[in-house]
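Everything on this sheet refers to the single structure shown next.
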Amino acid sequence: MQKKLLILILFIVPLFANAQYGNKVQKKTDNGFVNKKNKPSRQIIVAFGASNFLGELGGANQIGTFFVKDFEFAATRPSAAIGYRYKFNRFLALKGGLHYLLVSGNDNLTQEPFRNNRNLSFRSHIFELSVQGEFFFTKESQGHLYRIKNAKGKKNYKIQGYVFAGVGVFYYNPQAKYHGKWVNLRPLSTEGEGLPGGPKKYSTFSVCIPYGIGFSEGIGKDWSIGIEVGIRKTFTDYIDDVSGNYYDNAVIRENKGQMAADLADPSLHRMPAEMGGDSSGGWQAAAGEQRGDPTHKDAYLFTNITVTYKLKTRRRIKSKF
């Protein structure tokens with residue numbers, strides 16, 4: 001079902017936008033000139049802002065909340081992007097972009113006892129390549145391009161709003177800090193990936209569905225500045241290297257070493273007895289106990305400031321003869 005959805009989006013978005021190409025509404029003004037209000041335009045976009053992760057680690061002070069309900073402001077990290085937009089008309093555009101995000105999560109940011117005692121943490125650099133269809137629900141104001149004294153009418157451009165959705169692929173690589181140094185978690189098989197009886201190794205490449213909303217305002221003939229909020233639904237649960245159950249830590253130590261065993265279960269061992277700890281008040285994770293929640297895939301989001309430059313279009317001068 002997921003593959004069919006992705007194929008449908010991948011083909012329909014460009015075809016739908018392309019169907020609008022050439023649909024240029026031309027109206028004659030009082031002086032007889034043709035006004036092409038739906039003339040296509042090409043734009044370069046640069047963006048920078050903040051990103052956040054929605055997954056198993058850290059989050060709200062309760063057990064396993066889902067999606068934005070588990071948002072943790074303290075885990076906010078930087079993001080940046082560069083993109084190219086082809087605007088077919090005043091309503092529809094197609095945008096391709098390369099996004100970079102740094103996401104992180106840490107169980108010490110939550111006061112929920114089980115998650116806090118689990119004491120897992122991570123960071124991951126994400127590189128995403130995506131294509132999105134955009135629908136503009138407010139149109140550009142076609143006022144005066146120049147500040148002519150005593151000229152009537154709108155002077156420049158008003159705020160434009162748009163929504164978008166598309167498809168993308170991204171690379172991620174979860175890491176954790178060990179004795180002051182960042183180490184890659186995937187080779188350590190912290191949930192027994194690739195070990196006897198454990199799950200298979202996960203890929204560091206996955207597919208995402210981008211969607212969101214944005215606003216921009218013209219600050220000149222060719223420039224605009226705006227804000228964009230984007231959310232990425234993904235099809236992996238391993239951006240934070242946490243998904244399923246604890247694996248036998250002794251087997252991890254034997255096959256992957258002490259560092260792998262320490263990072264697989266860095267529990268604080270201070271779970272109160274009334275919340276599942278032993279009689280001494282300590283708690284140690286056992287093989288088969290829940291470590292993550294594979295029923296909900298990871299997601300990430302960003303809020304970016306965007307700067308857009310409209311590329312100049314070469315004008316063709318046609319002979320009258």
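So here's what we get for this one:
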item	result
Every pair of residues 6+ apart whose Cβ atoms lie under 6 Å, when the first sits in region 252-269 and is under 15 Å from L195 (Cβ atoms) and free of Cβ contacts under 8 Å to residues at least 40 places away in the same chain while the second is outside any loop (DSSP other than H, G, I, E, B) and not aliphatic (A, V, I, L, M)	A261/N249; A261/R253; D265/N249
Of all residues in region 26-60 being outside any strand (DSSP E or B) and in contact with a helix residue (DSSP H, G or I) (Cβ under 9 Å, 6 or more places away or on another chain), the one that is modelled with the highest pLDDT	G55
Condition met for P266 (under 30 Å from N52 (Cα atoms), crowded, with 16+ Cβ neighbours inside 10 Å and either at pLDDT below 95 or out of contact with any helix residue (DSSP H, G or I) (no Cβ under 8 Å at 6 or more places or on another chain) (or both))	yes
Failed item in (1) at pLDDT below 85; (2) not in a loop (DSSP other than H, G, I, E, B), with K154 passing the rest	(2)
Restricting region 104-143 to residues that are surrounded by fewer than 21 Cβ atoms within 10 Å (Cβ to Cβ) and of a type in the set (K, R), the residue that is nearest to Y300 (Cα to Cα)	R123
Residue in region 213-225 that is surrounded by fewer than 17 Cβ atoms within 10 Å (Cβ to Cβ) and in contact with a helix residue (DSSP H, G or I) (Cβ under 9 Å, 6 or more places away or on another chain) present	no
Selection within region 165-209 - among the hydroxyl-bearing types (S, T, Y) and farther than 19 Å from F127 by Cβ	Y178, S189, T190
All positions within region 234-245 that are in a strand (DSSP E or B) and not β-branched (V, I, T)	N245
Pick from region 61-88, criterion in a loop (DSSP other than H, G, I, E, B) and modelled with pLDDT of 80 or more, ranking: farthest from K139 (Cα to Cα)	T76
Whichever residue in region 281-321 is among the hydrophobic types (A, V, I, L, M, F, W, C) and outside any strand (DSSP E or B) and, among such residues, is modelled with the highest pLDDT	L311
Flag for T236 being closer than 30 Å to Q160 by Cα and modelled with pLDDT of 90 or more	no
Selection within region 174-206 - in contact (Cβ under 8 Å) with a residue 60 or more places away in the chain, outside any strand (DSSP E or B) and in contact with a Phe, Trp or Tyr (Cβ under 6 Å, 6 or more places away or on another chain)	P174, E191, G192
Residue among I213, I225, I231, I209 that is hydrophobic (A, V, I, L, M, F, W, C), over 21 Å from G168 (Cβ atoms) and assigned to a strand (DSSP E or B)	I225
Residue in region 169-177 that is over 23 Å from the mean Cα position of the chain (by Cα) and modelled with pLDDT of 95 or more present	yes
Count - residues of region 89-108 that are free of Cβ contacts under 8 Å to residues at least 60 places away in the same chain, of a type outside the set (A, V, I, L, M) and in a strand (DSSP E or B)	5
Test: residue in region 139-146 that is at pLDDT 90 or above, outside any helix (DSSP H, G or I) and under 28 Å from the mean Cα position of the chain (by Cα)	no
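The values are calculated or read from the model by the stated rules, or taken from the named source; none is laboratory data. Treat the numbers as computed from the prediction; the structure is a model and nothing was measured. Virtual Cβ from ideal backbone geometry, glycine too; neighbours counted across all protein chains shown.
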